[in-house]
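Input: a single structure, listed below in structure tokens.
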Amino acid sequence: MSNVSAITFRERKYRHGSALAHKTHIFHSADGSGSSPQIGVADAKPVKIGILQRPVERFHKTIRVTVAKLEAVRRAKLRRERRELYASLPGGVSRETLDAIGACESGGDPAVVSSDGTYRGKYQFDYGTWESVGGSGDPAAASEQEQDYRAALLYSQSGSSPWPVCG
């Protein structure tokens, strides 16, 4: 019987797409007594696993695309809910009245800020007035629909007096 009866290779796979190949030598005892073989492991060498890499990349891309689609659906739903919330104007204020005030105050730009920073948004709210009609945060950062709604609330409470030049 010879000293080396078999040489085999095993792979251990790792999560980063590589594997270690172990060269395993099986030796029989020199005396031929038939005792169990001794197994030794030679130096391990990294082996690329290109076959698995593409499916993993595709899987991650699928997850990214799905998450992006779900996020787009969520944002669309929020926009729709916000539009519905501010769709009807309170106090019987007409859209034409608000459009005229907005055009005069800011040129119709909902993100405009006065040169000194005091008045903000399409209707040039100051923070105190904005908060008095239920707004929070920066009026210029609010959606145009919310600014229209808050301006209609203010108009129904105070008439055109908050806008002495444009009202």
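The values are calculated or read from the model by the stated rules, or taken from the named source; none is laboratory data. Computed from a predicted structure; not experimentally measured. When we count neighbours, we look across all protein chains shown, and the Cβ atoms used for this are built from the backbone with ideal geometry, even at glycine.
The table for this structure:
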quantity	calculated
Any pair with Cβ under 6 angstrom, 6 or more apart, that starts in the stretch 145-167 at a residue that is within 14 Å of GLY135 (Cβ to Cβ) and ends at one that is part of a loop (DSSP other than H, G, I, E, B) and of a type in the set (Gly, Ala, Ser)	GLN147/GLY121; ARG150/GLY135
Qualifying residue in the stretch 18-35 (condition: modelled with pLDDT under 65 and under 37 Å from the mean Cα position of the chain (by Cα))	yes
The stretch 144-159, residues that are of a type outside the set (Phe, Trp, Tyr) and surrounded by 14 or more Cβ atoms within 10 Å (Cβ to Cβ)	GLU144, GLN145, GLU146, GLN147, ASP148, ARG150, ALA151, ALA152, LEU153, LEU154, SER156, SER158
Extreme residue, surrounded by the fewest Cβ atoms within 10 Å (Cβ to Cβ), among residues of the stretch 118-134 that are within 31 Å of the chain's Cα centre (by Cα) and in a loop (DSSP other than H, G, I, E, B)	GLY134
Criterion violated by ALA140 - all others in (1) of a type in the set (Gly, Ala, Ser); (2) out of contact with any helix residue (DSSP H, G or I) (no Cβ under 8 Å at 6 or more places or on another chain); (3) surrounded by fewer than 14 Cβ atoms within 10 Å (Cβ to Cβ) satisfied	(3)
Failed item, numbered, when LEU98 is tested on (1) closer than 19 Å to GLY167 by Cα; (2) within 30 Å of the chain's Cα centre (by Cα)	(2)
Scope the stretch 79-117; condition loosely packed, with under 15 Cβ neighbours inside 10 Å, among the small types (Gly, Ala, Ser) and assigned to a loop (DSSP other than H, G, I, E, B); matching residues	ALA87, SER88, SER94, GLY107, GLY108, SER114, SER115, GLY117
